[in-house]
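**Student:** Please see the structure below; I have some questions.
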2 protein chains.
Amino acid sequence: MSSELIVLYDIPGREKQWMSWSPNTLKPRMTLNYKGLQYRTEWVEYPDIEGVCKKIGARPTDKKADGSDRYTLPVLYDPRTQRVVSDSWDIARYLDDAYPDTPRVVPAGSAALQKAWHMLVLPTVLVPLLHIQLPHVCNILPPRSAEYFRRTREDAFGKKLEEVHSESDWEKLEQGLGKVKTCLEENGEGKDMLVMGDQITHADFVLVGIFIWARKSMGEDSDAWKRLSALHDGKWLKYVGQFAKYEYVDV
Amino acid sequence: MSSELIVLYDIPGREKQWMSWSPNTLKPRMTLNYKGLQYRTEWVEYPDIEGVCKKIGARPTDKKADGSDRYTLPVLYDPRTQRVVSDSWDIARYLDDAYPDTPRVVPAGSAALQKAWHMLVLPTVLVPLLHIQLPHVCNILPPRSAEYFRRTREDAFGKKLEEVHSESDWEKLEQGLGKVKTCLEENGEGKDMLVMGDQITHADFVLVGIFIWARKSMGEDSDAWKRLSALHDGKWLKYVGQFAKYEYVDV
């Protein structure tokens, strides 16, 4: 029965090809697909996230500027254990523990290093790309979410979404991806296309989620996507290509 | 015969208790001790590093502000293979490859993540501590090295060594170590005292080298060391304590 499936709470896009566009919700989605676990998606528009989280008992993941709780997606609900799990990292750990017969995305001994990977990639890759992405993301959201996204982000940045990014974000992004490339190359020849060399792990979903986010919101024909996918001799296009079979969205 | 031992090129301190004080040369020293490999140290004062490196064919590791090659220690020479290896990371990789019967410090599959660990710890922990450390380090160097260290660092920072650090460096340091602590705790209870949980790896030597550097140059009775070792309920003092047997210096 569909009511007994794991539920992934995700933010919808405006049309079918834009569903599951968020780099954060893409991580648990790809993890579920990779592990071969059955699930269904509950689509929650931006203005409804806080209410839904409170209703299902999902913990807040952060604080707002005014000190109040901030609720974010992804959230996962597992009817088998009746657990509600917020945050993509905690979901990865939960699924590894709760489904030990599926491939682990945080292999034994790698948890601290995987967390450090996230801490490195977030400011060096995701943040400069976010600046570039803001208007693109807004374009693919349904109207209520788009209005909410624009209003809250323009408040936070103190300027129009279209005015946040500058050429220096592209430079920072290239530098950040350069660091990631240097790390991957340390694995040695033939093992530089996955963070842990020959097995897919959470660290890969951190990275590939960022590229799928960009591809879906920029569109493959845009100058921005062409510029991004040309960096480092097209390495990242090949990198993302490896995960095509885990991109599946149930819409 | 001592002439057939591996040679570690290291920077001397002014007295015996201050030998091997650098966080960078401590990494290969602890790696050699941990692997149980026999070696001897060649002590090279700061002004002589470039000349010695050029003489033995050690590659430069960086560029100076004027674009010319920068030579740094550690360097390792292995008479068995006649290889000269610069840079603590490259030495770790070399020793793992050349002595496969010793415990690996970069376990299979962890190279990219270990490199990322280094990239995270360097700016968040080492750099703020360096600012605090500058006068302390200068104090424990022999006269020629101390003069060289003071002159080159004061040129680079544009101020006296004693004027580089501010209270904000302590705040940044505590934040940086807080990130490291968060990562370690992801390993779970009882596994949060080594980066990879239950085995010592290069990532630990990156971290412990930083604390030994501070302890040796600040002195255990200094206010600075007491402040550092009191952070996070004394976690770091316990962390460093685990590596006491690998601190051995052949002086």
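**Student:** Quick check, is B:LYS64 in contact with a Lys or Arg (Cβ under 9 Å, 6 or more places away or on another chain) and loosely packed, with under 14 Cβ neighbours inside 10 Å? Lay out the reasoning, then the answer.
**Tutor:** Working: in contact with a Lys or Arg (Cβ under 9 Å, 6 or more places away or on another chain): yes; loosely packed, with under 14 Cβ neighbours inside 10 Å: yes.
So B:LYS64 fits the description; yes.
**Student:** Condition first: touching a helix residue (DSSP H, G or I) at 6+ places or on another chain (Cβ under 9 Å), within 11 Å of chain B (Cβ to nearest Cβ), of a type in the set (Asp, Glu) and free of Cβ contacts under 8 Å to residues at least 12 places away in the same chain. Now tell me which residues in the range A:171-221 satisfy that.
**Tutor:** Residues satisfying the conditions are A:GLU185, A:GLU186, A:ASP192.
**Student:** Looking at (1) under 16 Å from the mean Cα position of the chain (by Cα); (2) buried (at least 19 other Cβ atoms within 10 Å of the Cβ); (3) within 14 Å of chain A (Cβ to nearest Cβ), which is the only condition B:ALA111 fails?
**Tutor:** Failing condition for B:ALA111: (1).
**Student:** With the requirement that a residue be closer than 25 Å to A:ASP66 by Cα, of a type in the set (A, V, I, L, M) and part of a loop (DSSP other than H, G, I, E, B), what does the range A:134-171 give you?
**Tutor:** A:VAL164
**Student:** Could you grab me the full set of residues in the range B:188-218 that are more than 30 Å from B:GLU15 (Cα to Cα), of a type outside the set (Gly, Ala, Ser) and surrounded by fewer than 23 Cβ atoms within 10 Å (Cβ to Cβ)? Give the steps one after another, and end with the answer.
**Tutor:** The initial filter retains those residues of the range B:188-218 that are more than 30 Å from B:GLU15 (Cα to Cα), namely B:188-199.
Still in the list and also of a type outside the set (Gly, Ala, Ser): B:189, B:191-196, B:198-199.
B:GLU189, B:LYS191, B:ASP192, B:MET193, B:LEU194, B:ASP198, B:GLN199, listed by residue number.
**Student:** Here is a further query. Just to be sure I understand the filter: pairs with C-beta atoms under 6 Å, separated by 6 or more residues or on different chains, first member in the range B:226-250 and within 30 Å of B:LEU8 (Cβ to Cβ) and without any contact (Cβ under 8 Å) to a residue 40 or more places away in the chain, second member of a type in the set (Ser, Thr, Tyr) and surrounded by 16 or more Cβ atoms within 10 Å (Cβ to Cβ). Which pairs pass?
**Tutor:** Short answer, once both residue conditions are applied: B:LEU237/B:SER229.
**Student:** Restricting to the range A:222-237, what's the tally of residues that are away from chain B (no Cβ under 14 Å) and under 30 Å from A:ALA108 (Cβ atoms)? Break it down stepwise before answering.
**Tutor:** Of the range A:222-237, the ones away from chain B (no Cβ under 14 Å) are A:222-234, A:236-237.
With under 30 Å from A:ALA108 (Cβ atoms) added as a condition, the list becomes A:236.
Of the residues in the range A:222-237, 1 are away from chain B (no Cβ under 14 Å) and under 30 Å from A:ALA108 (Cβ atoms).
**Student:** For the range A:49-60, name all the residues that are surrounded by fewer than 16 Cβ atoms within 10 Å (Cβ to Cβ) and more than 19 Å from the chain's Cα centre (by Cα).
**Tutor:** A:GLY51, A:LYS54, A:LYS55, A:ILE56, A:GLY57
**Student:** Look through B:GLU42, B:GLU50 and report the one residue that is away from chain A (no Cβ under 14 Å), over 30 Å from B:HIS232 (Cα atoms) and touching a residue at least 24 places away in the same chain (Cβ under 8 Å). Spell out how you get there, then give the answer.
**Tutor:** Numbers: B:GLU50 fails: touching a residue at least 24 places away in the same chain (Cβ under 8 Å).
Answer to the selection: B:GLU42.
**Student:** Name the pairs: first residue in the range A:145-162 and in contact (Cβ under 8 Å) with a residue 60 or more places away in the chain and not assigned by TED's automatic domain parsing to the domain that holds A:PRO12, second residue buried (at least 17 other Cβ atoms within 10 Å of the Cβ) and assigned to a helix (DSSP H, G or I), Cβ to Cβ under 6 Å, at least 6 apart or on different chains?
**Tutor:** What qualifies is A:SER145/A:TYR46; A:ALA146/A:CYS138; A:TYR148/A:TYR46; A:PHE149/A:TYR46; A:PHE149/A:CYS138.
**Student:** Within the range A:114-125, take every residue that is touching a residue at least 24 places away in the same chain (Cβ under 8 Å) and closer than 18 Å to B:GLN199 by Cβ and give me the one that is nearest to the other protein chains (Cβ to nearest Cβ).
**Tutor:** A:LYS115
**Student:** Next question. Only one of A:ASP96, A:ASP66 is out of contact with any helix residue (DSSP H, G or I) (no Cβ under 8 Å at 6 or more places or on another chain) and within 14 Å of chain B (Cβ to nearest Cβ). Can you tell me which? Spell out the reasoning first.
**Tutor:** Working: A:ASP66 fails: within 14 Å of chain B (Cβ to nearest Cβ).
Just a single option satisfies the conditions, and that option is A:ASP96.
**Student:** What are the residues in the range A:1-16 that are touching a Lys or Arg at 6+ places or on another chain (Cβ under 9 Å), modelled with pLDDT of 95 or more and not in a strand (DSSP E or B), if any?
**Tutor:** Within the range A:1-16, A:LEU5, A:GLY13 qualify.
**Student:** Please find, among A:PRO135, A:PRO143, the residue that is exposed (fewer than 12 other Cβ atoms within 10 Å of the Cβ), of a type outside the set (Asp, Glu), away from chain B (no Cβ under 14 Å) and under 22 Å from A:GLU45 (Cα atoms).
**Tutor:** After applying the criteria, what remains is A:PRO143.
**Student:** Let me ask something else about it. Taking the options A:ARG59, A:ARG104, name whichever one is more than 25 Å from A:CYS183 (Cβ to Cβ) and of a type in the set (Lys, Arg). Can you show your working first?
**Tutor:** Working: A:ARG104 fails: more than 25 Å from A:CYS183 (Cβ to Cβ).
Matching residue, one of A:ARG59, A:ARG104: A:ARG59.
**Student:** Return yes or no: is B:PRO79 under 30 Å from B:GLY197 (Cα atoms) and surrounded by fewer than 20 Cβ atoms within 10 Å (Cβ to Cβ)?
**Tutor:** Values: under 30 Å from B:GLY197 (Cα atoms): no; surrounded by fewer than 20 Cβ atoms within 10 Å (Cβ to Cβ): yes.
Answer is no for this residue.
**Student:** Moving on to the next point. Confirm whether A:THR25 is assigned to a loop (DSSP other than H, G, I, E, B) and of a type in the set (S, T, N, Q).
**Tutor:** Working: assigned to a loop (DSSP other than H, G, I, E, B): no; of a type in the set (S, T, N, Q): yes.
Here the answer is no, as A:THR25 does not meet what is asked.
**Student:** With respect to B:ALA156, is the statement that it is more than 14 Å from every other protein chain (Cβ to nearest Cβ), surrounded by fewer than 19 Cβ atoms within 10 Å (Cβ to Cβ) and modelled with pLDDT under 95 true? Please lay out each step first, then the result.
**Tutor:** Working: more than 14 Å from every other protein chain (Cβ to nearest Cβ): yes; surrounded by fewer than 19 Cβ atoms within 10 Å (Cβ to Cβ): yes; modelled with pLDDT under 95: yes.
Criteria met by B:ALA156.
The values are calculated or read from the model by the stated rules, or taken from the named source; none is laboratory data. Values in this document were obtained by computation on a predicted structure and should not be read as measured data. As a convention, Cβ positions derive from the backbone with ideal geometry for all residues, glycine included, and neighbour counts pool all protein chains shown.
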